[in-house]
Amino acid sequence: MQLVVCEKPSVAATLAKALGASDHKNGYIEGDNIIVSWCIGHLVELASADVYDERYKKWSIEDLPIIPQEWQFIVSAGKNEQFGVLRSLMNDSRVTEVVNACDAGREGELIFRLVYNKVGCTKPVKRLWLSSMEEKAIIASFADLKDGREYDNLYRSALCRSKADWIVGINSTRLFSKMYNKKLNVGRVQTPTLAIFLEREKAIEGFQKEKYYTMKLKADGLDAVSKKITDESEAKRIAGECSGKTATVKSVKTERKTVNPPKLYDLTTLQREANRLYGYTAQQTHDYVQSLYEMKLCTYPRTDSCFLTDDMGDTAGKTAGTVMRSLPLFEGIEFVPDTSKVLNSAKVSDHTAIIPTLSLANTNLDEVPHGEKNILFLIACRLLCAVSAPYIYDTVTAEIGCSGFSFTAKGRTVISEGFKAIENVFKQKQKCKDENEDNADEPALSLTEGQTIMGVSSDVCENYTQPPKHFTEDTLLSANSPHRIMRRFTKLQNRDNAQVYNYCTI
């Protein structure tokens, strides 16, 4: 008999249904020759410092650093009952094989292994690696279970990360808390993140705004601007000399530009876009997309890949067609998807990019909660954009001369809307305003070199330089990439204690 261990009860219920297990017991579901149970997240965790030695209950600099020689693990508080269920099932003589069906990633591997090791189980382990909760995907993945030993290095990686967090967090927190007589939480990730905030806040607080002026030159079909100058009287003099005069087009430069379709979403990019368009926090987006995954409406969310594997072209094409037919948001959009743009097995590690599933065709959208629905629409829109055509346009830059002064006019002519047509429909129907949108609304500019424009008007515009913007979750996620975090942490280690204290107490 197989014992299937999931990460959450909701996932266990879905797997049990697909595998024909329906007899609900206390903490597990049983079927013919199979038992499905769950962990409720982390059932086992690293022990606190005082478990190693009673003296560590009192914080003291003299005891640092605390580095366990043999690591100890305990059952997480309040989870003894479910741990007892799994211990009993793993020791059940009927069970001959254990299937690790925790989330297919580093953390899921750690959750299962810590329970398996804590129980002292030695029964063979198979690994279920799921990227979709659709019944067909579950059955297919169970028919292709991997040897659990193939994921030993993934477990070691997760365990190493967990121990590193413990060592840095326990020692640094105790050190700085004792040095400054107040509780200061210092961590491997959170402290460099605070450093990022501090650097930006210092830049904002220390910013000195400066006034500058520009002159506008206007006429029918012309809206040009001068370079910045700092002298108001000079700006007014130039505007006065140009007003009512004749301007001449000195040069016109046209450049064709092609913007390729965006890549599919990984989790971080999805979180950034959801924050920018809907104002969702990273955690909210994570929760919504995880819910969609468990509702079988999207593929596995915790991925760092923006591509699909080379054998998924047919799936991508069918899914794009399902999106166009099933979501009223994209009603009237018709094109032939070019799925080759999103296929690259070499850039897929554990999981593919996030896309909708074919279950969308049989889903009543009225039953999907509002937050999940917005994220589903966002994922669906990105798929359609990613397999669509490029956006092609011409930029026109004209240099205008008037009374010996130079002005610049810019315009844009769209040659082919490509994926932008889908993106614009989405933003219009969802009433999303994207502050990162480029100047796509620049008017067409029809000027020829040597052309004269009579009777122009000229005005002075007063402006101020702007400070850096405060971080949003979108911009913080961009600044908070792993290599930037480690670079800041290295810089932090080289600072004196007072500077580190400042980083920890923003």
Could you tell me whether any residue of the range 340-349 is in contact with a strand residue (DSSP E or B) (Cβ under 6 Å, 6 or more places away or on another chain), touching a residue at least 60 places away in the same chain (Cβ under 8 Å) and part of a strand (DSSP E or B)? no
Could you please let me know if Ile40 is assigned to a loop (DSSP other than H, G, I, E, B), more than 24 Å from Thr173 (Cα to Cα) and of a type in the set (A, V, I, L, M)? yes
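For every residue, the table says whether it meets (1) touching a strand residue (DSSP E or B) at 6+ places or on another chain (Cβ under 9 Å); (2) assigned by TED's automatic domain parsing to the domain that holds Arg113; (3) surrounded by fewer than 18 Cβ atoms within 10 Å (Cβ to Cβ); (4) of a type outside the set (Phe, Trp, Tyr).
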| site | (1), (2), (3), (4) |
| --- | --- |
| Ala16 | yes, yes, no, yes |
| Asn26 | no, yes, yes, yes |
| Gly31 | yes, yes, yes, yes |
| Trp38 | yes, yes, no, no |
| His42 | no, yes, yes, yes |
| Pro65 | no, yes, yes, yes |
| Glu70 | no, yes, yes, yes |
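Would it be correct to say that Glu372 is among the acidic types (Asp, Glu) and under 24 Å from the mean Cα position of the chain (by Cα)? Working first, answer last.
Working: among the acidic types (Asp, Glu): yes; under 24 Å from the mean Cα position of the chain (by Cα): yes.
So Glu372 fits the description; yes.
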Count of residues meeting criterion [more than 33 Å from the chain's Cα centre (by Cα), within 30 Å of Asp144 (Cβ to Cβ) and assigned to a loop (DSSP other than H, G, I, E, B)] in the range 51-105: 6
Tell me, please, whether a residue that is in the same structural domain as Lys79 (by TED's automatic domain parsing), buried (at least 20 other Cβ atoms within 10 Å of the Cβ), part of a helix (DSSP H, G or I) and of a type outside the set (Phe, Trp, Tyr) can be found in the range 121-141. yes
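Residues Val186, Val168: which one is within 30 Å of Pro68 (Cα to Cα) and touching a helix residue (DSSP H, G or I) at 6+ places or on another chain (Cβ under 8 Å)? Give the steps one after another, and end with the answer.
Values: Val168 fails: touching a helix residue (DSSP H, G or I) at 6+ places or on another chain (Cβ under 8 Å).
Exactly one of Val186, Val168 is within 30 Å of Pro68 (Cα to Cα) and touching a helix residue (DSSP H, G or I) at 6+ places or on another chain (Cβ under 8 Å), namely Val186.
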Count of residues meeting criterion [of a type outside the set (Gly, Ala, Ser), part of a loop (DSSP other than H, G, I, E, B) and surrounded by fewer than 23 Cβ atoms within 10 Å (Cβ to Cβ)] in the range 301-317: 5
For Phe176, state whether it is within 21 Å of Asp50 (Cβ to Cβ), touching a residue at least 60 places away in the same chain (Cβ under 8 Å) and outside the structural domain of Ile61 (by TED's automatic domain parsing). yes
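The values are calculated or read from the model by the stated rules, or taken from the named source; none is laboratory data. Source: prediction; values computed, not measured. With ideal geometry, Cβ positions are generated from the backbone for all residues, glycine too; neighbour counts draw on all protein chains shown.
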